[in-house]
1. How far apart, in nm, are the 7 Å Cα→Cβ label points at residue A:96 and residue A:250?
2. Two decimals is fine: what is log10 I(q)/I(0) at q = 0.31 Å⁻¹ for segment B:95-137, from a Debye sum with one equal scatterer on every Cα and no solvent?
3. Show me the three semi-axes of the equivalent ellipsoid for chain B, from the C-alpha gyration tensor (sqrt of 5 times each eigenvalue), largest first, rounded to whole Å.
4. So what's the angle, to the nearest 10 degrees on a 0 to 90 scale, between helix B:50-67 and the longest Cα principal axis of chain B?
5. Taking only pairs that are 8 or more places apart or on different chains, how many Lys pairs in the protein assembly as shown have Cα atoms under 19 angstrom apart?
6. Once label points are set 7 Å from the Cα along Cα→Cβ at both residue A:4 and residue A:60, what is their separation, rounded to one decimal in nm?
7. Would you mind ranking A:106, B:52 by Cβ crowding within 10 Å, fewest neighbours first?
8. Can you pull the percent of Cα pairs in the protein assembly as shown with separation above 33 Å?
Amino acid sequence: MVVSFVVLSLALITVSFRESDSGPVHGIQDAGAAALRPFEVVTERVARPFRDAYNWFDGLVDARSENERLRKENAQLRQQYVAARSAVDDVAVLTSLLEYEHGPDFPKDFDAVNADVLTTSSQFKQQITIAAGSKHGVRKDDPVVTAAGLVGKVTRVTPTVSQVTLLSDPTSAVAAEDLTSGASGIIRHGAGGGPALFLDRVTKNEVVLVNDVIVTAGTQQGALPDVYPAGILIGRVTSSGQSDTLPFKTVQVEPFADLTSLDAVAVLVPDGRPR
Amino acid sequence: MTPADGLKAFALLFVVAIVQVSLLSSLSVAGGYPQLLLVTLVAVALLRGSVFGAAGGFLGGLLVDTATLQTLGLTSLILTVGGYWIGRYGETTGRDRTHAPYVSVAVVTVLYAFGATLLHFMLGDAVSARSVLLESLLPTILFNLVLTAPVYWLTGKLLRPVEWRDRAQEVRLLG
């Protein structure tokens, strides 16, 4: 019996890895994910006040090692965390997404599909699943944002659930630029853990200063536009330097969106896409 | 072991797997990640033996892979082997030893980290071995050890330990 479980696991890995997203095993998995969705939603909602309380205390501990400016920011965040411990927070999160959708920063020619986060990322995969899928107009490679900034992009879609690969995943790469100086590069995740990002491929003659804001570049090469619209906030530069041995600058970026604690996100879908 | 035992174990692992993927996977304390599913599986395997452990590991892993839309079978494979091994340990040398859950959880946490990293590498996923095996492994072990006592106690309440003489029939000691 044990051997059969092992063999079955190996067979599932092989088939799941080799077949396309439209294959039968993926179809069964999609149906399973859809069936599990209500349980995940209930669990997430029941535990949200506890998780928010934990985040509040976690922020309190972190604040001791922050400088004065960050302490002020943390104070604001703590207030938000405290406010987030009730169902009112649901409204706040969705309201912020709504305000973002109707605000000047929202990309033109796009609509927002707002969705709850169902499963969180792990230490092995910086991917989450959200409660929106192809039935809601979501397609593979659609960008995903919060009111704070860019989160990642959709990498797999089922009718009711989608998988989002976060910016903190090693496979993510986003063309980005410094909003102040216009210096361009590629946002990637560093080799280690943690949420810090790096603006890679910035040549040494370009200027990038601490506290500069980094946004998506929305570059267009030939007939293939970037999947990310231009001007979406990504993060703030926390350090910038260069050495004689490296061909590019070393620019570290702290993402605006808290990639480790996402409750709801918005998927950007082009105007006019059927839903 | 009765069908009721199987149902209770299934329900327990189902709930724990949902909690794991919905809440705990991204919860990091001092770099460690609580693995409630792994700890619960160890408790089930120690209390009910290798077959229960393997079946529970396969089921729990399948739920995790399905809910997170990851490669099917990956977590199942690791948890099946882990559940079986801990079950055998419980049936033999670990029987009635108070330290057995702690030893099992510590060892399985290490094996899970190495096994998952290896499988992800084999599938071409970009996993930071430094992050998983150096930075987060020790705090994860400590975190899981903290969970062990309450989880083992609660699981023991749900799945009452099998009588010693019943379990002794499962293994024959020669010599």
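Where a number appears in this text, it was derived from the coordinates with a stated rule and is not lab data. Keep in mind it's a predicted model, so treat the numbers as computed, not measured. Cβ sites come from the backbone with ideal geometry, for glycine too, and all protein chains shown count toward neighbours.
1. Once both label points are built, they end up 3.2 nm from each other.
2. Cα-only, vacuum Debye calculation for segment B:95-137: -1.03.
3. Semi-axes, largest first: 27, 17, 16 Å.
4. 30 degrees
5. 7
6. Taking the simple label geometry, residue A:4 and residue A:60 are separated by 5.3 nm.
7. A:106, B:52
8. Taking all Cα-Cα pairs of the protein assembly as shown, the fraction more than 33 Å apart is 39 percent.
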